[in-house]
1. From the list GLY226, GLY172, GLY230, pick out the single residue that is at pLDDT below 95 and open to solvent by less than 60 Å² (accessible area, probe 1.4 Å).
2. Out of segment 48-83, which residues are open to solvent by 20 Å² or more (accessible area, probe 1.4 Å), closer than 22 Å to THR35 by Cβ and either of a type in the set (A, V, I, L, M, F, W, C) or in a loop (DSSP other than H, G, I, E, B) (or both)?
3. Any idea which of SER304, SER327, SER347 is modelled with pLDDT of 95 or more and of a type in the set (Ser, Thr, Tyr)?
4. From the list PRO210, PRO247, pick out the single residue that is surrounded by fewer than 18 Cβ atoms within 10 Å (Cβ to Cβ) and modelled with pLDDT of 95 or more.
5. Quick check on my filter: what residues within segment 252-278 are part of a helix (DSSP H, G or I) and open to solvent by less than 40 Å² (accessible area, probe 1.4 Å)?
6. Is there a residue being under 14 Å from the mean Cα position of the chain (by Cα) and crowded, with 17+ Cβ neighbours inside 10 Å anywhere in segment 178-200?
7. I need the full set of residues from segment 107-149 which are modelled with pLDDT of 85 or more and either within 30 Å of SER91 (Cα to Cα) or part of a helix (DSSP H, G or I) (or both), in order please.
8. Of the residues in segment 123-162, how many are in contact with a strand residue (DSSP E or B) (Cβ under 7 Å, 6 or more places away or on another chain), within 24 Å of VAL106 (Cβ to Cβ) and not aliphatic (A, V, I, L, M)?
Amino acid sequence: QALHTRSGLLQGRASRRQLLVRASGSTYGTLFRVTTFGESHGKGVGCVVDGVPPRLEISEAEIQVELDRRRPGQSIITTPRKEEDVAEILSGVGDGVTLGSPIAVVVRNKDQRSQDYSEMSVAYRPSHADATYDFKYGIRAVAGGGRSSARETIGRVAAGAIAKKLLKTVAGTEVLAYVSRVRDIDSNVDHATFSMADVESNIVRCPDQPAAIQMIAAINEVRTRGESCGGEVTCVVRNCPKGLGSPVFDKLEAELAKAMMSLPATKGFEIGSGFSGSRMLGSEHNDSFYMSEDGQVRTRTNRSGGVQGGLSNGEDIILRVAFKPTSTIGILQKTVTREGVETDLRSRGRHDPCVVPRAVPMVEAMVAMVLADQLLQHFAQCELLPRGKDSVGCDTKVNGQFARAT
């Protein structure tokens with residue numbers, strides 16, 4: 001009985017330890033699992049990616065392409081902090097291919113100015129995570145905001161580069177995002193034709209060139225006043241496999257919403273028609289089906305945004321993410337100290353006047369991570385056994401929508 005009791009205690013402790021790990025908030029994914037680590041002004045930041053299939057070709061250069069799109073100091077409308085953000089693959093890759101073991105990627109921090117945050121050690125920055133981190137943990141990394149800094153997203157972007165490569169290799173899937181709005185300046189972009197080159201053709205990452213000029217001017221105007229502004233990023237997924245996602249609690253749009261809202265400064269998420277769909281009639285909103293010449297079930301419109309019943313339907317996935325104005329501004333603001341004394345604070349440090357230009361690769365990375373995880377789960381449940389000739393459904397593509405290794 002004593003052994004039984006001790007065994008029960010050990011099991012209870014083990015389960016509690018497991019709960020602590022799972023509730024830590026730094027890991028995403030079920031089969032494609034990504035853990036990010038590091039603080040803004042620590043020695044480095046990065047990620048560990050577990051569950052990547054073996055024999056996938058990946059290199060530091062491919063990861064670096066995405067990190068270069070995210071790094072600070074790119075232009076006059078981003079933070080002036082100068083970081084090269086050079087990616088080092090520490091494990092999980094040999095001779096340019098994945099080994100099936102955890103892939104660790106690290107980026108060393110080099111341009112920290114912790115002295116810029118001396119006031120923040122005693123006074124809370126309005127709308128930052130300073131106060132809430134103290135409420136939860138009773139301690140926080142003052143310099144640079146620690147884990148609440150957008151520098152944490154380096155690990156996400158690195159992992160997203162691996163996820164993108166997996167999606168492209170297995171299913172020909174492409175994930176592309178762009179800045180669709182800055183303040184009240186909207187854009188008009190053809191989602192079927194815009195390319196990465198179009199996105200990267202200007203510093204604000206908007207393929208609509210006339211709108212981009214206005215967006216850059218708007219960001220510069222608030223920057224020179226010590227202010228900040230918000231905007232929106234739109235992401236388009238082309239050639240997404242059919243059937244990704246799960247019913248009820250793990251619907252694809254639910255996973256995408258969680259991933260997008262986990263990014264710093266996000267305040268809203270829409271997919272397909274989004275909130276505008278609430279103002280339509282059913283006959284206006286429904287996407288009618290038809291049979292394409294190559295034997296696929298397609299929809300004539302795409303108000304569903306590529307997801308129906310929580311599962312991808314093969315149409316382009318189109319989602320939008322709203323980002324609030326950067327919290328750190330150069331204007332005197334009312335706040336309180338850690339001792340509860342009301343005071344004034346003018347924030348120092350180097351920050352983006354508008355986060356959306358650098359948020360584009362972050363959004364792409366999180367979308368790719370979600371889809372890579374869903375892809376592996378779909379394979380595990382639905383693709384192990386061949387689909388017979390009597391399989392329900394008239395869509396011929398689902399029998400061979402993945403490039404399998406031979």
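The values are calculated or read from the model by the stated rules, or taken from the named source; none is laboratory data. Computed from a predicted model, the values in this text were never measured in an experiment. Quick reminder, even Gly has a Cβ in these numbers, built from the backbone with ideal geometry, and neighbours come from all protein chains shown. Surface areas here come from the heavy atoms of the whole protein model, side chains and all, with no ligands, DNA or RNA. Shrake-Rupley method; radii C 1.70, N 1.55, O 1.52, S 1.80 Å.
1. GLY226
2. Result: VAL48, GLY51, PRO53, PRO54, SER59, ARG71.
3. SER304
4. Exactly one of PRO210, PRO247 is surrounded by fewer than 18 Cβ atoms within 10 Å (Cβ to Cβ) and modelled with pLDDT of 95 or more, namely PRO210.
5. LEU252, GLU255, LEU256, ALA257, ALA259, MET260, GLY274, GLY277
6. yes
7. VAL107, ARG108, ASN109, ASP130, ALA131, THR132, TYR133, ASP134, PHE135, LYS136, TYR137
8. 4
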